[in-house]
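Chemist: Dropping a structure here in structure tokens format, bear with me for questions.
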Amino acid sequence: MTRLGNRSALEKLRNSLKDSQNGKKKLISLCAGSGCAAYGTAKVHQALKEELARQGIQDEVDVKLTGCHGFCEKGPIMVLHPEGIFYPQIKEENIPEIIEKTIKKNELVEPLIFKDPSTKEKIIHEQDIPFYKLQQRIIFGNNGMIDPTSIEDYIAVGGYSALEKALFSMTPEEIIDQVKKSGLRGRGGGGFPAGVKWESCRKHEGDRYVICNADEGDPGAYMDRSLLEGNPHSVVEGMIIGAIAIGSHEGYVYVRHEYPLAVKNLSIALKRAQELGLLGKNILSSGFDFDIHISRGGGAFVCGESTALMASLEGRPGRPRAKYIHTVEKGFRQGPSNLNNVETWANVPVIINKGADWYSSIGTEKSKGTKIFSLVGKVVNTGLVEVPMGTSLRTIIYDIGGGIPKKKKFKAVQTGGPSGGCIPEQFLDLGVDFDELTKVGSIMGSGGMIVMDEDTCMVDVARYFLDFLNEESCGQCNPCREGIKQMLEILTDICNGNGKQGDIELLEELGAMIQRFSLCGLGTSAPNPVLTTIRYFRDEYEAHIEDKKCPAGVCKALFHYEIDEKNCNGCHLCALKCPQDAITGEKKELHKIDQDKCIKCSICYDACKFDAVIVK
């Protein structure tokens, strides 16, 4: 395909692509994101190509390997268009029947139809599945419809039309004004108004830089990875528009080294955009030059912080600096630098195309638009969820997420990654936005959401996340380096049965000190898991310290397993499952656990069908 010389050439190409794609009778969309790929998408795809060829209908069906569809636990996912028939957990042996029945005869393969885990109802169409039905996928929606390695697919669904508008129909000031009016706030965690940041960056003289933060380090979070894997051109287009707005000619995507598929698809996207003249010198003959480079980070969590990220970009150790001078004035290479994360950049083309008024009609008064969350943990439907700002936790966890597995009781949800807070059941009706989460001691973060059930020990949860943050601290400032270490030691003692009176108060005092005096956001937010679990689950801390008991039966030093003679019927299943041969007893007789041999692995507890294995 030749380089596009002007805006009319882009529009002509778009119309041509639409016409050619409309000629296909069927479209099979097969998820090839990292999650589905791990479940075997490559084998399914190969079987699909071979079967279509064997039946001689390969020219009648368009097969697209797409990015993540969001419903990650159901992979590999296949959706057949235009009907929108949803087949989850596809295996290569299912392909012949799908081709024979659904493709050729428009019949359903009954065993493959999605069954709602909560209602057991069979649901045929993707848009009717509660997980999808209650979302508003304005940023993530194209992931399931386009091949991320095909710039043609992106252009066909309207891609780069926002760039064309920004280049030829708007001034930089008008672009910034639209972003300001839209109310877009940075999705990387800080929630700073994007338009205000852009405006400030444009005011400062020097070589300006546009930077995309794809250093997604929160445990359980993969929103940015999935956007880069599935729709990299949306991020590229947003960055070019941002460059026009602030007057930049050079951009960088700082991406985690652990995201190989995201790097691969982004590299292809940049190359194809350059070949078509949508990136590089004299974009669409507008006279505007802008190029984007990829820089791969080494996996340091602290490099999600803006100044640490820019230091790493320059080849220096990724350590934050005090922000007496903001990065919009002196950032990367001491030049004015505009940093936003992947999801923020992906919002920009939507705002330019549909307008600030449309965008600001979604969400809450101070948090506009939608937000993508990674919903993981003790919840029936795990995956990526895009909902309007202000959607309640209950809607996300129960209506979209399907509630808690095995009819367990909800206990808490942690938002905002390892530095976020744990929110208890009493706040399930809280609308999720930047300000409301802050009020209850948590943060939005980049969008991680970890659900916990009644079997979770909140003291152990706080210890786990603090252990992560202790490892990831750059060690540059005393409050963070020493404070987190001291809090972790206290929590470890409590979990090991060595807690003492005054530990809770000391944790609160240390947490307040770290929040106040740490240099960067890692330190100032690090105490959140501890402080919120003390605030809402203080009784669990007291049980660990005063009674030397772990109510959830998680902290091994504080409990042991016994067999209840009233419930044990001698089925012998626990003894068969025990890896240490710690359970003795003949069949149909009372069994016993040898406490010296028991390693508290909980296998017997999970295996017993009669509630005879109990926690003491």
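Chemist: Give the residue, chosen from 358, 345, that is more than 25 Å from residue 203 (Cα to Cα) and in a helix (DSSP H, G or I).
Modeler: 358
Chemist: If you don't mind, another one. Pull up the stretch 141-158, narrow it to residues that are of a type outside the set (Gly, Ala, Ser) and part of a loop (DSSP other than H, G, I, E, B), then point me to the one that is surrounded by the fewest Cβ atoms within 10 Å (Cβ to Cβ).
Modeler: Within the stretch 141-158, the match that is surrounded by the fewest Cβ atoms within 10 Å (Cβ to Cβ) is 149.
Chemist: Right, here's the next one. Quick one: what pairs do we get from the stretch 159-186, first residue assigned to a loop (DSSP other than H, G, I, E, B), second surrounded by 22 or more Cβ atoms within 10 Å (Cβ to Cβ) and among the acidic types (Asp, Glu), C-beta under 7 Å, 6+ apart or different chains?
Modeler: Final answer for the pair search is 159/237; 160/237.
Chemist: Can you give me the number of residues within the stretch 370-385 that are surrounded by fewer than 23 Cβ atoms within 10 Å (Cβ to Cβ) and in a strand (DSSP E or B)?
Modeler: The qualifying residues number 2.
Chemist: Of the conditions (1) closer than 30 Å to residue 117 by Cβ; (2) crowded, with 17+ Cβ neighbours inside 10 Å; (3) in contact with a Phe, Trp or Tyr (Cβ under 6 Å, 6 or more places away or on another chain), residue 422 clears all except one; give me its number.
Modeler: It is condition (3) that residue 422 fails.
Chemist: Another one. Determine which member of the set 398, 464 is free of Cβ contacts under 8 Å to residues at least 40 places away in the same chain, outside the structural domain of residue 116 (by TED's automatic domain parsing) and touching a helix residue (DSSP H, G or I) at 6+ places or on another chain (Cβ under 9 Å).
Modeler: When all the criteria are applied, what remains is 464.
Chemist: Would you call residue 83 part of a loop (DSSP other than H, G, I, E, B), among the acidic types (Asp, Glu) and at pLDDT below 95?
Modeler: yes
Chemist: Filter the stretch 313-342 for residues that are in contact with a Gly (Cβ under 8 Å, 6 or more places away or on another chain) and part of a helix (DSSP H, G or I) and give the result.
Modeler: 334 - this is the single residue of the stretch 313-342 that is in contact with a Gly (Cβ under 8 Å, 6 or more places away or on another chain) and part of a helix (DSSP H, G or I).
Chemist: Could you pull out the residue among 99, 57, 103, 123 that is farther than 30 Å from residue 373 by Cα and touching an Asp or Glu at 6+ places or on another chain (Cβ under 7 Å)?
Modeler: That would be 99, the only listed residue that is farther than 30 Å from residue 373 by Cα and touching an Asp or Glu at 6+ places or on another chain (Cβ under 7 Å).
Chemist: I've got another one for you. Filter the stretch 105-123 down to residues that are out of contact with any helix residue (DSSP H, G or I) (no Cβ under 6 Å at 6 or more places or on another chain) and of a type in the set (D, E, K, R) and give me whichever is nearest to residue 26 (Cα to Cα).
Modeler: Filtering the stretch 105-123 for residues that are out of contact with any helix residue (DSSP H, G or I) (no Cβ under 6 Å at 6 or more places or on another chain) and of a type in the set (D, E, K, R), the one nearest to residue 26 (Cα to Cα) comes out as 105.
Chemist: Right, something else. Any idea which of 103, 90 is in a loop (DSSP other than H, G, I, E, B), touching a strand residue (DSSP E or B) at 6+ places or on another chain (Cβ under 9 Å), of a type outside the set (Lys, Arg) and under 20 Å from residue 54 (Cα atoms)?
Modeler: 90
Chemist: Yes or no: the stretch 592-600 includes at least one residue that is assigned to a strand (DSSP E or B) and not assigned by TED's automatic domain parsing to the domain that holds residue 420.
Modeler: The answer is yes, given that some residue of the stretch 592-600 is assigned to a strand (DSSP E or B) and not assigned by TED's automatic domain parsing to the domain that holds residue 420.
Chemist: Continuing with this model, one more query. List the helices (runs of 4 or more DSSP H) inside the stretch 463-570, counting only whole elements, that have at least 2 residues being crowded, with 18+ Cβ neighbours inside 10 Å and in contact with a strand residue (DSSP E or B) (Cβ under 9 Å, 6 or more places away or on another chain).
Modeler: By residue number, 528-536.
Chemist: Among the candidates 429, 433, which residue alone is crowded, with 22+ Cβ neighbours inside 10 Å and among the charged types (D, E, K, R)?
Modeler: Exactly one residue qualifies, and that residue is 433.
Chemist: Tell me, please, whether a residue that is out of contact with any Asp or Glu (no Cβ under 7 Å at 6 or more places or on another chain) and closer than 23 Å to residue 266 by Cα can be found in the stretch 107-118.
Modeler: No, the stretch 107-118 has no match at all.
Chemist: Could you run through the stretch 407-420 and say how many residues are touching a residue at least 40 places away in the same chain (Cβ under 8 Å) and out of contact with any strand residue (DSSP E or B) (no Cβ under 7 Å at 6 or more places or on another chain)?
Modeler: Final tally of qualifying residues: 2.
Chemist: From the list 194, 243, pick out the single residue that is more than 27 Å from residue 34 (Cα to Cα), within 23 Å of the chain's Cα centre (by Cα) and either of a type in the set (Lys, Arg) or at pLDDT 95 or above (or both).
Modeler: Exactly one residue qualifies, and that residue is 194.
The values are calculated or read from the model by the stated rules, or taken from the named source; none is laboratory data. The shown structure was predicted, so the numbers you read here are calculated from the model rather than taken from an experiment. Note that each Cβ is placed from the backbone with ideal geometry, even for glycine, and that neighbours are counted across all protein chains shown.
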